[in-house]
Amino acid sequence: MNAPTTDSDQNEVSAWRLWENPVLRRYVRSRLRSRDLAVGLCITLVLSAFIVGISYSLGIRSESDPVSAARSAIIPLLVLQAFILFVMGTAQVSGGMITERDEGSVDYQRLVPMAPLTKVLGYLFGLPLREYLLAASILPFTAWAMARGHVPASAWAPLYWILFTTAITYHATGLLTGTVVRNRRWAFLISIGMVFSLYTVIPQLAKFGLVFFKYLTVTPVFYESLPELLPEKAGAALRIGQNFFPTPRFFNLGLPEVVFTTLSQAGLIGLFV
């Protein structure tokens, strides 16, 4: 006879069924209200259309070919997506967690018979849910620019995978910050300061041998994919430069940057969770 299924087993299974997660479903109702979501989508879509229109038209006017003109819109769209996920999403997670704690929702969740992992995943993906949808609304513009610019999947697939894992890493950082710090303003400043430091101060530590920190960002994979994202002439020149001055690999191993970045971020996410 099979052993009876315990409540803990059911909780562990339900932790990975995000569509059944009650914490996440709660944020689906609160963070995806039609009025607030419509305002955010309108602003995001207008900005995306403006970026594509201006970049493409300037490329054509400068006598670039349509492929190079379309590629000129990819990086600005990527920056907009990164800002929404990294800055706005992280700030929402850290500030929202403090609000939940101040309102007593966290204490109430402790009494609910759910596995801790289920609650953590509900907060981790529920609090920045609107930011995920706003970033996803930019994807049609990015897909058009990449299709028009003949960008291969070997360039954009690793980049957007790391964009997603980096967002989860920063959101987990914001979740931890919001759990520890009591003041909402300080949690916001700490979270944004950490994201800002990862792209300004921390990369300088690589010059002193602390190369690990750069793998907590999208920078290694971005530079690896950059020749295929730039206009053709600039991409060809950068590719030649990368061949002459290759980037030092982690422990001198020849695996792609996406592998090291994924492993580094997965370890940090697991630690924070």
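Some observations on this one:
- The set of residues in region 135-172 being of a type outside the set (A, V, I, L, M), out of contact with any helix residue (DSSP H, G or I) (no Cβ under 6 Å at 6 or more places or on another chain) and within 15 Å of VAL87 (Cα to Cα) consists of PHE164, THR166.
- Matching residues in region 48-73 - criterion: being in contact with a helix residue (DSSP H, G or I) (Cβ under 8 Å, 6 or more places away or on another chain) and buried (at least 16 other Cβ atoms within 10 Å of the Cβ): SER48, ILE51, VAL52, SER55, TYR56, GLY59, SER68, ALA69, ALA70, ARG71, SER72, ALA73
- Complete set of residues in region 180-190 that are at pLDDT below 75 and crowded, with 16+ Cβ neighbours inside 10 Å: ARG184, ALA187, PHE188
- Filtered by the rule that a residue be open to solvent by less than 30 Å² (accessible area, probe 1.4 Å) and small (Gly, Ala, Ser), region 15-47 gives ALA15, GLY40.
- When residues of region 137-179 are limited to those that are polar (S, T, N, Q) and farther than 16 Å from VAL93 by Cα, the one most open to solvent (accessible area, probe 1.4 Å): SER154
- Of the listed requirements (1) touching a residue at least 40 places away in the same chain (Cβ under 8 Å); (2) in a helix (DSSP H, G or I); (3) surrounded by fewer than 22 Cβ atoms within 10 Å (Cβ to Cβ), MET114 misses just one: (2).
- Any hit, region 208-217, residues being surrounded by fewer than 16 Cβ atoms within 10 Å (Cβ to Cβ), of a type in the set (A, V, I, L, M, F, W, C), at pLDDT below 70 and not in a helix (DSSP H, G or I): yes
- Pairs where the first residue, in region 143-154, is on the phi < 0 side of the Ramachandran plot and modelled with pLDDT of 90 or more and the second is assigned to a loop (DSSP other than H, G, I, E, B) and surrounded by 12 or more Cβ atoms within 10 Å (Cβ to Cβ), C-beta under 7 Å, 6+ apart: ALA145/ALA73
- Residue among GLY104, GLY96, GLY89, GLY126 that alone is at positive phi and either open to solvent by 10 Å² or more (accessible area, probe 1.4 Å) or in contact (Cβ under 8 Å) with a residue 12 or more places away in the chain (or both): GLY104
The values are calculated or read from the model by the stated rules, or taken from the named source; none is laboratory data. Computed from a predicted model, the values in this text were never measured in an experiment. Reconstructed Cβ throughout: ideal geometry from the backbone, glycine too, with neighbour counts over all protein chains shown. These accessible areas exclude ligands, DNA and RNA; they are computed on the full protein's heavy atoms, side chains included. Shrake-Rupley method; radii C 1.70, N 1.55, O 1.52, S 1.80 Å.
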